[in-house]
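The values are calculated or read from the model by the stated rules, or taken from the named source; none is laboratory data. On a predicted model such as this, the values are computed, not experimentally measured, just so you know. Cβ placement follows ideal geometry from the backbone for every residue including glycine, while neighbour counts extend to all protein chains displayed. Each accessible area value is taken on the protein alone, full model and side chains, heavy atoms only, with ligands, DNA and RNA left out. Shrake-Rupley method; radii C 1.70, N 1.55, O 1.52, S 1.80 Å.
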Amino acid sequence: SIPKSFYHLEKLEYIYLHDNKLTGTLSENIGNFRKLKDLYLSRNLLTGTLPKNLSPNPSVLNDSRQFRHILLSYNKFNGTLPMALDLRRLRWLDLSFNEFTGTIPANMLDTCDLLALIYLDHNRLTGTIPEG
């Protein structure tokens, strides 16, 4: 798993740890990375829900982040999708090939005006695709 000492590197802008065999959960300490632009953790063995502290509101990923790319595909993340992704700079979101359940929230992407790519396939999502 990702060691706790790693989360003290608060000025990191890019994390590329995809295609490894990392285990464990994505720590609540991910919120320490205030300048993070790219988070590539695809193709690992990570489990659990998305950390709640990415935002002051547990159902919203924080807009103070600089995220451009969030790639968490091919893991074992579970739980429901965030109610909203208030990430104004986000261009790519890949949550495919996980174990997310529930519906796609209607307002999940309301403020993601720059979003060019979204993958939610190969999860356990139900319901309809929201208009928007």
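Testing G24 on (1) at pLDDT 90 or above; (2) open to solvent by 10 Å² or more (accessible area, probe 1.4 Å); (3) within 18 Å of D121 (Cα to Cα), one condition comes back false. Which one is that?
Condition not satisfied by G24: (3).
Only one of (1) over 21 Å from K76 (Cβ atoms); (2) open to solvent by 70 Å² or more (accessible area, probe 1.4 Å) fails for L12. Which number is that?
(2)
Tally up the residues in the range 88-106 that are open to solvent by 60 Å² or more (accessible area, probe 1.4 Å), modelled with pLDDT of 90 or more and out of contact with any Leu (no Cβ under 8 Å at 6 or more places or on another chain), please.
Of the residues in that region, 1 qualify.
For the range 42-87, give me the residue count where each residue is under 11 Å from the mean Cα position of the chain (by Cα), assigned to a strand (DSSP E or B) and at pLDDT 70 or above.
Matching residues across the range 42-87 total 5.
Quick one: what pairs do we get from the range 86-101, first residue at positive phi and among the aromatic types (F, W, Y), second assigned to a loop (DSSP other than H, G, I, E, B) and open to solvent by 10 Å² or more (accessible area, probe 1.4 Å), C-beta under 6 Å, 6+ apart or different chains?
As it stands, the answer is F97/Y74; F97/H122, since those pairs meet every condition given.
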